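Q: Quick one: this structure, given as structure tokens, is what I'll be asking you about.
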Amino acid sequence: MKLATLGNGTRDGMLVVVSKDLTRCSAAGYIAPTLQAALDNWERVAPELELLARDVEHETVPCERFHERQAQSPLPRAYQWADGSAYINHVELVRKARGSTVPDSFYTDPLMYQGGSDGFLPPRGSIPLGDPAWGCDMEGEIACITDDVPMGVSVDDAAGHIKLLMLVNDVSLRGLIPAELEKGFGFFQSKPASAFSPVAVTPDELGAAWADCLIHLPLMVDLNGAPFGRANAGKDATFNLAQLVAHAAKTRNLGAGTVIGSGTVSNKGADGGAGTPVADGGAGYSCIAEIRMIETIASGAPVTPFMKDGDTVRIEMRDDHNHSIFGAIEQQVVAV
């Protein structure tokens, strides 16, 4: 099934069930008023939501037009947002560009940081930017939402706790990252609010594309209307989402509604080296930093600029029939 949150004047919005083709929705408030409420009682609530989803498909319940522009991020705020780095190719390029190598442990022990979750951007909302020197970048990612996850969960059991999947624009301010990392405490100011796709879907909606806790489909990232990234989220992943969930739960319980991100989706080139632009027949990139790293490796300096006031990014994923699965994140950078 497909779920979304529409604004209703409250912080957490109202839960709706969305048709598979993203054209219609039906209010689910009599089952659960918000997505968080549904996740808090998932075992009881999910079957009722599935029945409503069936009725939406058959148009046997009152429905209204679903407008992606009216959707909030599925969880407008969350108890926890932790972002991993499943695609080590991305990390390898960053390290290589600054003349260092990736420690062996990165291939067995995932990177993860805890982001701000008290408020997410709407999928069609603007990206506020206080200073162009901050180096505004998008990061196209996959994310999952869990139910309650016990501390020490195994990878196999963690897979069963993945209840919903979304797309992410993990906005990063690259110009602020180096100074923050030098302090040794990790990201804070360099990681402002992220945005998630208009719709969150249960894994079964993906059919065969959901395998080994990865989505085996291209993540479509457009920058200012031009194709920028088409990296396949099922390729070149060192870790899958279940492994990231288990990593996050190693020393703590994860509350229902925890959001775990995959990190920037990144593919190697056909020759096993760095990826190439979409315009040159490659899979492109899911963030600007990656092409800047490749430019630095090749010529000693980056050429592609970060986003500025007025620039737009669109992130979407389509199935084998070219139908949008999650709806599209489409945002414009706005100077504030």
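The values are calculated or read from the model by the stated rules, or taken from the named source; none is laboratory data. All figures in this text were calculated on a predicted structure; none of them were measured in a lab. Neighbour counts run over all protein chains shown; Cβ positions are idealised from the backbone, glycine included. For accessibility, only protein heavy atoms count, side chains too; no ligands or nucleic acids. Shrake-Rupley method; radii C 1.70, N 1.55, O 1.52, S 1.80 Å.
Q: Compute the distance from the alpha-carbon center of the range 271-308 to that of the range 95-128, in whole Å.
A: What the calculation gives is 18 Å, centre to centre.
Q: Send over the semi-axes of the chain's equivalent ellipsoid, whole angstrom and largest first, taken as the square roots of 5 times the C-alpha gyration tensor eigenvalues.
A: Rounded to whole Å, the semi-axes are 32, 22, 19.
Q: Just for the Cα atoms in the range 184-307, what are the lengths along the principal axes, largest first, rounded to whole Å?
A: Taking the Cα atoms of the range 184-307, the three principal extents are 46, 41, 29 Å.
Q: What does the C-alpha gyration tensor say about the overall shape of the range 1-82? Classify as rounded when a/c is under 1.5, otherwise prolate if a/b is larger than b/c, or oblate.
A: Oblate shape, in that a/c is at least 1.5 and b/c is the bigger or equal ratio.
Q: Below 8 Å, C-alpha to C-alpha, sequence gap of six or more: please give me the relative contact order for the chain in percent.
A: With pairs under 8 Å counted, the relative contact order is 22 percent.
Q: For the range 105-240, what is Rg from Cα atoms divided by 2.2 N^0.38 Å, rounded to two decimals?
A: Ratio of Cα Rg to 2.2 N^0.38 Å: 1.15.
Q: Moving to a separate point now. Relative contact order for the range 198-286 using alpha-carbon pairs under 8 Å, separation at least 6, rounded to a whole percent? Don't jump to the answer; show the numbers that get you there.
A: Details: 117 pairs, mean separation 24.8, N = 89.
It rounds to 28 percent for the range 198-286.
Q: Okay, moving on. Could you tally up the Lys pairs in the chain with alpha carbons closer than 21 Å? Skip any pair fewer than 8 positions apart unless they're on separate chains.
A: Here the count comes out as 9.
Q: Could you give the dipole magnitude of the chain about its Cα centre, charging the beta-carbon of Lys and Arg +1 and that of Asp and Glu -1, in debye to the nearest 20?
A: The dipole of the chain has a size of about 580 debye.
Q: A follow-up question, please. Just check the range 266-336 against the gyration tensor rule for me: Cα atoms, a ≥ b ≥ c as the square roots of the eigenvalues, rounded for a/c under 1.5, and otherwise prolate or oblate depending on whether a/b exceeds b/c.
A: Note, shape of the range 266-336 comes out oblate.
Q: Follow-up question, since we're still on this one. Could you work out [θ]222 nm for the chain from helices alone, using -39500 (n - 2.57) per DSSP H run of at least four and dividing by all its residues? Round to the nearest 500 deg cm²/dmol.
A: -5500 deg cm²/dmol
Q: Which Cα, out of Val18, Pro302, Val168, lies furthest along the positive dipole direction of the chain (beta carbon charges, K/R +1, D/E -1)?
A: Farthest towards the positive end: Pro302.
Q: For the chain, what is the accessible area per residue in Å², given a 1.4 Å probe and the full set of protein chains?
A: 43
Q: Give, as a single signed number, the net charge of other residues whose beta carbon lies under 12 Å from the beta carbon of Gly207, with Lys and Arg counted +1 and Asp and Glu -1. Kindly include the intermediate steps, with their values, before the conclusion.
A: Details: positive: Lys20; negative: Asp204, Glu205, Asp319, Asp320.
With Lys, Arg at +1 and Asp, Glu at -1, the net is -3.
Q: Around Pro110, what is the net charge, scoring Lys/Arg as +1 and Asp/Glu as -1 over all other residues with Cβ under 14 Å from its Cβ?
A: So the environment of Pro110 carries a net charge of -3.
Q: How high is the relative contact order of the range 147-250, in percent, with contacts defined as C-alpha pairs under 8 Å that are six or more residues apart?
A: 31
Q: Counting only protein heavy atoms and using a 1.4 Å probe, what share of the accessible area of the range 129-213 belongs to carbon plus sulfur, as a whole percent?
A: Looking at the range 129-213 in its full context, I get 58 percent from C and S.
Q: While we're on this one: Compute, for the range 1-103, the length of the dipole vector about the Cα centre, with Cβ point charges of +1 (Lys, Arg) and -1 (Asp, Glu) only. Units Debye, rounded to 20.
A: 560
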